[in-house]
Amino acid sequence: MKLPAINYASPSSMEEACDLLSTDEDSKIIAGGQSLLPVMAMRLAQPSVLIDLAKIPGLDAIEESGNYMRLGPMATHTSILSSPVISKNLPLMSAAGKYIAHRQIRNRGTLGGSLAHGDAAGEWPLVLLALDGLVEVQSVRGKRTIEADDLFVGPYMTSLAADEIITDVWIPFRPRAWGYGEFARRAGDYGLANIAVVLPTEDTGTSGARITVGGSVGKIQRVTAAEDVLNGSEVSPELAKQAAEAGASELSYISDMHGSAEFRRGLVQELLRRTIVEAGERI
Ligand SMILES: Cc1cc2nc3c(=O)[nH]c(=O)nc-3n(C[C@H](O)[C@H](O)[C@H](O)COP(=O)(O)OP(=O)(O)OC[C@H]3O[C@@H](n4cnc5c(N)ncnc54)[C@H](O)[C@@H]3O)c2cc1C
């Protein structure tokens, strides 16, 4: 389907973008357009004005800042994947990002758009939650910070208010063992099950496992039952199996034309086991 008629604004500062967004409640931010434009073409969203962030300087930053990586919301999937500081400091992000869509989409799609879209099969939300990151947002009311644990609240739903714009994404980096697992029927498709595992290393103790799941469940979430099995113990193949069974039992699965809930449960359990083993080998 063709797009409806659209009004378009191209602000040159974040303050101007916030003003525009607060003036008309039917306006919407556009970043790479790779999720919003298909949704508009299907008439699932009909914004009155599209507010493009492309001309606001500095929103595509990818840089080290203390013990954090600071990423601008307009950093594209491709720029993140080709960044040496990301592959050095956040190898989980590099591993997961390779599964995002196809090159053309990766060239246009952005980190901020992916996080704000809140797709339960999106790789960046999964990684942000596993790595305990946070986003800074701005509106006419000021700025605030949202921790990843509080960001993803449901299918395509985040805790961002309608007039808030993601301005920065912060992800801590420190020695952590990691694993990433994803199953899709074809390369480039959204995963039917996506798993990120982050474990403490020998230097940082045995507590603080963070395991996240997407693709098979309604929202990006932590698998706390699996984390609880791992915390305080040395990771072994047997413990990985126990954690995967506990984690898979904790979750509620979606069922659709791509796979039944039962199929997805089995998929998640085996991917959890393999990904925990992978992370354990990096400790
Ligand atoms: C065929 C196809 C396959 C895909 N496969 C995958 C995949 O495998 N994995 C995956 O993760 N993604 C996939 N995507 C989605 C892609 O990654 C998108 O780029 C991403 O979800 C949204 O980023 P965007 O920059 O295109 O955002 P847009 O489409 O421009 O915006 C998406 C939403 O975010 C809001 N928004 C954008 N930026 C901000 C901001 N800074 N602050 C607040 N709100 C904002 C918009 O208002 C809109 O509601 C696929 C897309 C297509 C078309």
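Identify, please: which residue in the range 101-137 is more than 14 Å from ALA196 (Cα to Cα) and aliphatic (A, V, I, L, M) and is, among those, farthest from the ligand (Cβ to nearest atom)? Per the stated criteria, the residue is LEU134. For the range 145-198, filtering for residues that are among the acidic types (Asp, Glu), within 13 Å of the ligand (Cβ to nearest atom) and closer than 29 Å to GLY66 by Cβ leaves 2. Scanning the range 58-66 finds no residues that are surrounded by 15 or more Cβ atoms within 10 Å (Cβ to Cβ) and of a type in the set (Ser, Thr, Tyr).
State whether one or more residues within the range 103-125 are farther than 17 Å from GLY32 by Cβ and part of a helix (DSSP H, G or I). No, there is no match, as no residue in the range 103-125 is farther than 17 Å from GLY32 by Cβ and part of a helix (DSSP H, G or I). With respect to (1) assigned to a loop (DSSP other than H, G, I, E, B); (2) crowded, with 21+ Cβ neighbours inside 10 Å; (3) in contact with a helix residue (DSSP H, G or I) (Cβ under 7 Å, 6 or more places away or on another chain), the lone exception for GLY179 is condition (1).
Selection over the range 30-42 of residues that are part of a loop (DSSP other than H, G, I, E, B) and either surrounded by 14 or more Cβ atoms within 10 Å (Cβ to Cβ) or within 9 Å of the ligand (Cβ to nearest atom) (or both) gives a count of 5.
Considering every residue within the range 34-43, establish whether at least one is under 16 Å from the mean Cα position of the chain (by Cα) and in contact (Cβ under 8 Å) with a residue 12 or more places away in the chain. Yes, some residue in the range 34-43 is under 16 Å from the mean Cα position of the chain (by Cα) and in contact (Cβ under 8 Å) with a residue 12 or more places away in the chain. Does PRO84 satisfy the condition of being in the same structural domain as ALA148 (by TED's automatic domain parsing) and in contact (Cβ under 8 Å) with a residue 24 or more places away in the chain? Judged against the criteria, PRO84 is not a match.
The values are calculated or read from the model by the stated rules, or taken from the named source; none is laboratory data. Only a predicted model underlies this, so the values are computations on that prediction, with no experimental measurement involved. Glycine also receives a Cβ, built like all others from the backbone with ideal geometry; neighbour counts cover every protein chain displayed.
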